[in-house]
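Trainee: Right, I'll just put the structure down here and ask away after.
The values are calculated or read from the model by the stated rules, or taken from the named source; none is laboratory data. Just so we're clear, the structure is a prediction, and the values are computed from it rather than from any experiment. Positions of Cβ are backbone-derived with ideal geometry, glycine not excepted, and every protein chain shown enters the neighbour counts. For the accessible areas, the whole protein counts, side chains as well, though only heavy atoms, and no ligand, DNA or RNA atoms are used. Shrake-Rupley method; radii C 1.70, N 1.55, O 1.52, S 1.80 Å.
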Amino acid sequence: MTVPRTTTAKAVPGPRVFAAVAEVPARFRDLLVAEWIKLWSLRSTYWVLGGSAPVVVGINVNSAWSNADRLAQQYGRPAAPPPGMPEKPEMLFDPLGTAFVDPAWQLLMVVAGSVGAIAVFGEYTSGLIRTTFAAVPARRAVMAAKATVMTAVMLVLGVVVAGASFGVTQAILRDHHGLSLGDPGALRAVAAAALLAPLCALVGMALGALVRHAAGTVVAVVGVLLLLPALFQGETYRWVKEIGNAMPLSAWQALVRNPERDYSMSKYPVSVTEAWIVFGAWSLLAAIVAVAVVHRRDV
């Protein structure tokens, strides 16, 4: 006689169990890990950040080499002027400016802003944002984690590029009054250059949340970070110049300027305190806009 086999039924969790699991909030640490993985899972992140850093440093180094050759040909090796004699024209040269050439750092601004924008609109265009918010309904926490990871990555990039640019250029200009971090304005300039990348990345995130389109967001990044400051440079009306002074580019230019060799003739210059306020205000406002817009708008 055949004995029928018996099977043990497994208990299947009921809908209440699934609901309880779904309601467990994700830890912020887990969100940071998830955003870190998403950022570095894109090949473009490696290529863009890894390629832009040496280009920015290279432009600054080329400026230092060019100035060093020109000074050596015109004035030879610098020496202290005899007592009672005026300084050589070479001594009017500002070596700090070679570490912070405008085109190089404007390129870094566009790169950082674009990477920040891609981190946001890339999820919308691919549809990944729906999966993200289905797993973690807390949109504010997701965007806060994304902004934290982006700020940390861009801060490291800024520190590396700013430190390398300053160190290499001043080493090249060591025979032409090259500076050290202990010289007036040097440490402030390096810090401002390092903070420029995370600031622009946060602005890019805010624009990515507002526009949600690849081409449109990149154009908006270039327009806000570079073109808009150029429109408010006139000094005929003070309010025009003051708007220009409130832009990140103008604030950065004020912070990297050598206080001992400041030859600017602006009627309405940006003070150091005002420039740091601009840095902080733009960073905070951009983060708030990115979080608020993603929280309120439909996916």
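Trainee: Please count how many residues of region 235-256 are modelled with pLDDT of 90 or more and part of a loop (DSSP other than H, G, I, E, B).
Mentor: So the answer is 3.
Trainee: Also, I was wondering about something else. Any residue at all in region 103-114 that is out of contact with any helix residue (DSSP H, G or I) (no Cβ under 7 Å at 6 or more places or on another chain), farther than 20 Å from residue 296 by Cα and part of a helix (DSSP H, G or I)?
Mentor: There is no residue in region 103-114 that is out of contact with any helix residue (DSSP H, G or I) (no Cβ under 7 Å at 6 or more places or on another chain), farther than 20 Å from residue 296 by Cα and part of a helix (DSSP H, G or I).
Trainee: Just one of 207, 231 is out of contact with any Lys or Arg (no Cβ under 6 Å at 6 or more places or on another chain) and at pLDDT 95 or above; which is it?
Mentor: One residue alone meets the criteria, 207.
Trainee: Continuing with the same structure: Taking residue 137 as meeting all but one of (1) under 21 Å from residue 285 (Cα atoms); (2) outside any helix (DSSP H, G or I); (3) not small (Gly, Ala, Ser), write down the number of the exception.
Mentor: Result: residue 137 passes all but (1).
Trainee: Hey, any hits in region 120-141 for a residue that's closer than 24 Å to residue 56 by Cα and either crowded, with 23+ Cβ neighbours inside 10 Å or not charged (D, E, K, R) (or both)?
Mentor: There is no residue in region 120-141 that is closer than 24 Å to residue 56 by Cα and either crowded, with 23+ Cβ neighbours inside 10 Å or not charged (D, E, K, R) (or both).
Trainee: Open to solvent by less than 30 Å² (accessible area, probe 1.4 Å) and in a helix (DSSP H, G or I): is that true of residue 190 in this structure?
Mentor: In short, yes.
Trainee: Just name the residue that is farthest from residue 102 (Cα to Cα) out of those in region 159-187 that are β-branched (Val, Ile, Thr) and open to solvent by less than 50 Å² (accessible area, probe 1.4 Å). Give the steps one after another, and end with the answer.
Mentor: At the first step, the residues of region 159-187 found to be β-branched (Val, Ile, Thr) are 159-161, 168-169, 172.
Checking the rest, the ones that are also open to solvent by less than 50 Å² (accessible area, probe 1.4 Å) come to 161, 169, 172.
Numbers: 161: 14, 169: 15, 172: 19 Å.
Result: 172.
Trainee: Continuing with the same structure: Identify, by number, the condition in (1) open to solvent by 20 Å² or more (accessible area, probe 1.4 Å); (2) in contact with a helix residue (DSSP H, G or I) (Cβ under 8 Å, 6 or more places away or on another chain); (3) of a type outside the set (Val, Ile, Thr); (4) not in a helix (DSSP H, G or I) that residue 260 doesn't meet.
Mentor: (2)
Trainee: Residue by residue through region 225-234, note down the ones that are free of Cβ contacts under 8 Å to residues at least 60 places away in the same chain, farther than 18 Å from residue 274 by Cβ and part of a helix (DSSP H, G or I).
Mentor: The answer is 227, 230, 231.
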